[in-house]
Amino acid sequence: MAVFWDSPGTLTESRTTPHEAREFEDLREALEGSPKRIPSKYFYDDRGSEIFSRIMETPEYYPTRAETEILVQRSDRLLVVGGLSGPVHVVELGAGDGRKTAHFLRAVQRYSAHLRYTPVDISAGALRELSQRIKKEFADIEVEPRVLDFESKLESLPLSRSRTNMVLLLGSSIGNWLPEEQSRFLRRLRAVLSSHDFLLIGFDLKKEASILIAAYNDALGWTREFNLNLLERLNRDVGANFVIDQFRHHASYNPATGAMESWLIAQRALTVSLRRLNFSIHLKAFEGIHVETSWKYLPSEIEQLAHDHGFRCIAHRYDRLHRFRVDLWS
Ligand code: AVJ
């Protein structure tokens, strides 16, 4: 396995492939499909990551608070059951602003004196802020941020050979992938982790649809802003000419799949050109672009997922209201 070490604290791209070269290459296929789609990872440019931090503070978006409650109150328990000891390397995938991670790191520190923390994200801006905050709060953690699209570069994660790796995939981020993508991710992760490494993974649970729908349609409008920023980003980064106010944000729960779906719906027939990618798309009046799927889980589905991909459920904890669950797998 390839391991890349940089001087601690620098923000470096993976050296396997230039980060920018293949960015946006999947956009054409997604936008020409039926329904038209934009892959969710494009939400998280610096501005998108900032807006997502606002979403996490809205009263309707409960998953962050529920997961934080678990990490604050249950991290110790999870780690005891896991039997963690010796030097630990925490690798957080899609770290974002990493606020809730601090609670977990503090718990890990009680078990491991020499803690290394590698937050991985595709937003350099979010990583820079997070790294500064963690370094300020923890004098004795080695922080090695990494700008990386971990979805395509999972094999170049800087895992440690001498430490127990604890990979974090929080926020129910796994739910943003289609089932076959979730499988592919877990299979590949299983292959790069050794038998004494761990995965700490958060799942948003199935619940009454009205609660879910409110969480993706907050009254302050941050979720709408988040979705529309996707179009602004494409205008900026690939020379597209989306007219933002011709689109409406629409969030719904699909009981057939068990997932929340976010759409941007064109208010009239439109042609949009993506100049730097050399193609255009036509949208009919009231046609939607599917921008996000957020899968929700039953406890039994979580356990099946672990089992099907060669992981063992070591422990799991719910928040007080049973809205969310954090699992420790190995
Ligand atoms: C943390 C990425 C999983 O799908 O709930 C929140 C992203 N999108 N509101 C989720 C999100 C709209 C979030 N993830």
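Some values worked out for this structure:
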read-out	value
Strands (runs of 3 or more DSSP E) wholly inside the range 226-329 containing at least 2 residues that are within 16 Å of the ligand (Cβ to nearest atom)	247-254, 259-266, 288-295, 324-329
Residue match in the range 92-99 (condition: touching a strand residue (DSSP E or B) at 6+ places or on another chain (Cβ under 9 Å), over 25 Å from TYR216 (Cβ atoms), open to solvent by less than 20 Å² (accessible area, probe 1.4 Å) and aliphatic (A, V, I, L, M))	no
Selection within the range 311-330 - touching a residue at least 24 places away in the same chain (Cβ under 8 Å), touching a helix residue (DSSP H, G or I) at 6+ places or on another chain (Cβ under 6 Å) and open to solvent by 50 Å² or more (accessible area, probe 1.4 Å)	ARG317, ARG323
Residues located in the range 215-231, provided they are open to solvent by less than 70 Å² (accessible area, probe 1.4 Å) and in contact with a strand residue (DSSP E or B) (Cβ under 9 Å, 6 or more places away or on another chain)	ALA215, TYR216, GLY221, THR223, PHE226, ASN227, LEU228, LEU230, LEU231
Every residue from the range 167-205 that is in contact with a helix residue (DSSP H, G or I) (Cβ under 8 Å, 6 or more places away or on another chain) and in a loop (DSSP other than H, G, I, E, B)	LEU170, GLY171, SER172, TRP177
Long-range neighbours under 6 Å by Cβ, at least six apart or interchain, first residue in a helix (DSSP H, G or I) within the range 141-166, second among the polar types (S, T, N, Q) and open to solvent by 10 Å² or more (accessible area, probe 1.4 Å)	SER156/SER14; SER156/THR16
Check on GLU180, within 16 Å of the ligand (Cβ to nearest atom) and acidic (Asp, Glu)	no
Exclusive hit being surrounded by 16 or more Cβ atoms within 10 Å (Cβ to Cβ), at pLDDT below 95 and not in a loop (DSSP other than H, G, I, E, B), set LEU71, LEU78	LEU78
Conditions (1) surrounded by fewer than 19 Cβ atoms within 10 Å (Cβ to Cβ); (2) at pLDDT 95 or above; (3) part of a helix (DSSP H, G or I); (4) more than 13 Å from the ligand (Cβ to nearest atom): number failed by ARG54	(4)
Matching option when the condition is modelled with pLDDT under 95, more than 16 Å from the ligand (Cβ to nearest atom), closer than 30 Å to LYS284 by Cα and open to solvent by 20 Å² or more (accessible area, probe 1.4 Å), among GLU20, GLU25, GLU13, GLU32	GLU25
Criterion (surrounded by fewer than 14 Cβ atoms within 10 Å (Cβ to Cβ), closer than 27 Å to TYR61 by Cα and not charged (D, E, K, R)) met by exactly one of ILE244, ILE201	ILE244
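The values are calculated or read from the model by the stated rules, or taken from the named source; none is laboratory data. Predicted model only: the values in this text are computed from it and were never measured. Virtual Cβ from ideal backbone geometry, glycine too; neighbours counted across all protein chains shown. These accessible areas exclude ligands, DNA and RNA; they are computed on the full protein's heavy atoms, side chains included. Shrake-Rupley method; radii C 1.70, N 1.55, O 1.52, S 1.80 Å.
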